[in-house]
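The values are calculated or read from the model by the stated rules, or taken from the named source; none is laboratory data. In this text the structure is predicted, and so the values were computed from the model without any measurement. Ideal geometry is used to build each Cβ from the backbone, glycine not excepted, and the neighbour counts take in all protein chains shown. The protein model used for the area step is the full one, side chains on, heavy atoms only, and it has no ligands, DNA or RNA in it. Shrake-Rupley method; radii C 1.70, N 1.55, O 1.52, S 1.80 Å.
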Amino acid sequence: MTAKQATVYVVEDDASVRRALERLLRSAGLEVRGFGSAAEFLQAGCRAENACVVADVRMQGMSGLQLQRQLKQAGSPFRFIFVTGQDTEETRAAAIRAGGAALFVKPVDDQALLDAIHWALASSGGSVNVPPRGG
């Protein structure tokens, strides 16, 4: 039996940033689904198995931190990686309190983000098919 392909869900309200992240992740061999808001993500009913979420900290409507909190309260095992355009002590502390696997400041270092995603997928438990780093 082969392992299911790992999926990364990108939740980012800035369409150009979302597309750039999606292209980066696809070029690394990851399956990617993008969403323009937390509400879109929640409506899609995405599965947490073999998956992680890359979410913007600050978005219109529900923030990435609020999304993570809501899913955690519902018992969802999603691992979250946060991105932000505003690197403040408050933002860093909130991401840590939320249990984020990582926090990156935009523009994001591509390799560091890919490394964090691989770590989050590997540490989420279960059997995952994660392409090797660098190809």
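Here Leu42 sits with roughly 60 square angstrom of accessible surface, probe radius 1.4 Å.
Taking every alpha-carbon pair in region 11-95 and binning the separations at 10 Å intervals from zero gives 17, 53, 28, 2 percent. With all protein chains in place and ligands, DNA and RNA left out, the 1.4 Å accessible area ranks Ile96, Ile81 as Ile96, Ile81, largest first. The dipole here belongs to the chain: it is taken about the Cα centre, uses +1 on the Cβ of Lys and Arg and -1 on the Cβ of Asp and Glu, and is about 320 debye. Packing, as the average of other Cβ atoms within 10 Å across residues, places the peptides 67-74, 55-62 in the order 55-62, 67-74, highest first.
When a 1.4 Å probe is rolled over the protein heavy atoms, the share of accessible surface on region 6-135 that falls to carbon and sulfur comes to 47 percent.
Placing a label point 7 Å from the Cα of Ser76 along the Cα-to-Cβ direction, the residues of region 90-116 with a backbone N closer than 16 Å are 98-101. In the context of the full set of protein chains, the chain has a per residue accessible area of 52 Å² (1.4 Å probe). Normalised by the number of residues in the chain, the mean separation of alpha-carbon contacts (under 8 Å, six or more apart) gives a relative contact order of 27 percent.
Once backbone amide H atoms are built at 1.01 Å from N, Ala48 has no partners under 5 Å, excluding neighbours fewer than 5 places away on the same chain. Among 86-95, 26-35, sorting by the average number of other beta carbon atoms lying within 10 angstrom of each residue, highest first, gives 26-35, 86-95.
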